[in-house]
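I have a structure here, written as structure tokens, and I will follow up with some questions on it.
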Amino acid sequence: MRYSVWHQGAPIGYVDLPTNRLWSGGLLEPTDGFANVSDVLRALATVANHDALAQLSRLPADQAPHTAHMSPAAVEALVRAAALTFELRDEFGRAVATDVVRLVDLNDGTGVRVRAYFREATTGAPAWLPPTEWQPGTDGESD
């Protein structure tokens with residue numbers, strides 16, 4: 001399903017994510033708004049190793065990153081990137097319930113990855129899933 005990715009009330013790109021999963025990942029298609037966060041993600045990609053980047057992609061919203069054995073520049077970049085907050089919106093502009101949405105540039109030339117976790121969405125409601133097309137006889141009523 002195609003989602004828009006938002007940061008501080010503004011769209012920064014689009015991502016296609018598989019549905020009905022506890023987490024999903026895809027590549028960001030950036031829009032002009034991405035410029036607001038690109039410097040932070042690029043700084044992290046240039047000073048942190050792959051393990052730190054992978055840690056950020058899996059970091060829960062309520063946890064601080066582990067920074068032991070990292071250079072001061074890598075620690076600063078990781079903390080700044082972890083502080084960024086993102087949300088997903090569906091094709092109608094409705095916010096989609098997520099635990100956390102992370103963006104990571106692995107500095108491998110493939111682009112920025114979006115990773116969204118849906119398991120225990122902080123709204124207390126399950127993640128919104130798009131409605132499926134109604135088919136006669138599937139509403140539980142007998143003919």
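The values are calculated or read from the model by the stated rules, or taken from the named source; none is laboratory data. Bear in mind the structure is a predicted one, so any value in this text is a computation, not a measurement. For accessibility, only protein heavy atoms count, side chains too; no ligands or nucleic acids. Shrake-Rupley method; radii C 1.70, N 1.55, O 1.52, S 1.80 Å.
For residue 69 and residue 108 in the same chain, what is the full-extension length gain: residue separation times 0.36 nm, less their Cα-Cα distance, in nm?
11.8 nm
Using a 1.4 angstrom probe on heavy atoms only, work out the carbon and sulfur share of the accessible area of the range 1-98 in %.
52 percent
So if I take the centroid of the Cα atoms in the range 58-98 and the same for the range 8-56, what is the distance between those two points in Å?
The range 58-98 and the range 8-56 have Cα centres separated by 9 Å.
How big is the range 11-94 on each of its three principal axes, counting only the C-alpha atoms and giving the largest first in Å?
43, 29, 20
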